[in-house]
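Remarks on the structure that follows.
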Amino acid sequence: MKTDKKINYELEKNLEVISQIEGFVAEAVDTILVDPDECWQPTDFLPDFSDPNIHEEIKALQQRAEGIPDTVLSSLVGNMITEEALPSYQTYFNMLEGINEERNLFNPSGWVRWSKAWTAEENRHGDLLNKYLYMTGRVDMKAVERTIHRLLHNGFDPETDGDPYQAMIYTSFQERATKISHVNTGKLADKAGDTVLSRICKTIAGDEARHEKAYKSFMSKIFEIDPNGALHAFEQMMRKQIVMPAVMMGEGGNNPTLFKDFSAITQKIGVYTGWDYARIIDHLVNTWKVETLTGLNDVASKAQDYLANLADRYMRLADRMKAPDEIKLAWMK
């Protein structure tokens, strides 16, 4: 019973802080996110079907895509599928404690405005990559569509226990991870001679960088107001490890190891690796000045010690990790 009371007290305290920074979040909607009329859109990067030369444009796209290795396209498919699961992400965000208590998407609060504007920007990423991959003619789009369907069917659980503190840590980590993945895919596309795909990936990565900046700033505010609670939440999230949003893409289907196979490819070709995971931890520890925080309670002090050494532990694990074998995914023709 004491444990339950402690949990309830911690959550109530967290909700108070979340309420305090609502105005800061509202400002981020207006300063970090972009008005829909001014945002880039998928059609800015793709052949225009109203153009009389559309067939030549598609042929040029396919010729550029011919040099892209299957592993890079498979990785791109996995990235796209992750982006296409946006309905789950907005639902998850609005179910967090203290974010949208009225469960009303017309609520004018900064948090609800953020959840809508953020996922609206993210939605363009899946649209663009989906259409690009379709036009290459190299991908089994029905298999891709089944995977998207399966992922949305299975749902999404980042294991943050409804705690808004843990959610801000998760999204800070995940936005940076997604940015890294798109940047590295863009570099490989450039190397393969597809400069348009390279520009697509780097543009999407630019969005992820803005979103990462926002979530890190939200968490920075939480650290300023409640360093003990912030450190405890950071430790809790990292002990559970960051579960990638597309982890359920194969569960219950004909290929339950699909996410594992996708992760093996991203590791092998350097799109997203164990070293990246370790470097993100180090980046967040430094960003939130974890090692220099003072005046902490016992729980937070133990969390501080754990977090201060965590990146090094994961870097050593990454150094010992063997390169996976080549794997051909179900998405390739």
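Within region 216-247, the only residue that satisfies the criterion of being in a loop (DSSP other than H, G, I, E, B), buried (at least 23 other Cβ atoms within 10 Å of the Cβ) and either at pLDDT 95 or above or of a type outside the set (A, V, I, L, M) (or both) is 245. Taken over region 262-281, the criterion of being small (Gly, Ala, Ser) and in a helix (DSSP H, G or I) is satisfied by 263, 264, 274, 278. Among the residues of region 266-297, those identified as charged (D, E, K, R), under 23 Å from residue 247 (Cα atoms) and at pLDDT 95 or above are 276, 279. Considering only residues in region 319-333 that are in contact with a Lys or Arg (Cβ under 9 Å, 6 or more places away or on another chain) and either surrounded by 12 or more Cβ atoms within 10 Å (Cβ to Cβ) or modelled with pLDDT of 95 or more (or both), the one that is nearest to residue 270 (Cα to Cα) turns out to be 324. Each residue in region 303-333 was checked for being assigned to a helix (DSSP H, G or I) and either of a type in the set (Phe, Trp, Tyr) or in contact with a His (Cβ under 9 Å, 6 or more places away or on another chain) (or both), and 4 of them qualify. Per the listing 179, 213, 191, the residue uniquely outside any loop (DSSP other than H, G, I, E, B), over 30 Å from residue 290 (Cα atoms), among the basic types (Lys, Arg) and modelled with pLDDT of 95 or more is 191.
Residues in region 105-147 that are surrounded by fewer than 20 Cβ atoms within 10 Å (Cβ to Cβ) and of a type in the set (A, V, I, L, M, F, W, C) were compared, and the one that is modelled with the lowest pLDDT is 105. The residue pairs whose first member lies in region 208-224 and is within 12 Å of residue 171 (Cβ to Cβ), whose second member is at pLDDT 95 or above and not in a helix (DSSP H, G or I), and whose beta carbons are closer than 6 Å, counting only pairs six or more residues apart or on different chains, are 214/32. In region 158-214, what residues are among the basic types (Lys, Arg) and surrounded by 23 or more Cβ atoms within 10 Å (Cβ to Cβ)? Result: 176, single match.
The values are calculated or read from the model by the stated rules, or taken from the named source; none is laboratory data. Note that the structure is a prediction, hence the values are computed from the model and not measured. Quick reminder, even Gly has a Cβ in these numbers, built from the backbone with ideal geometry, and neighbours come from all protein chains shown.
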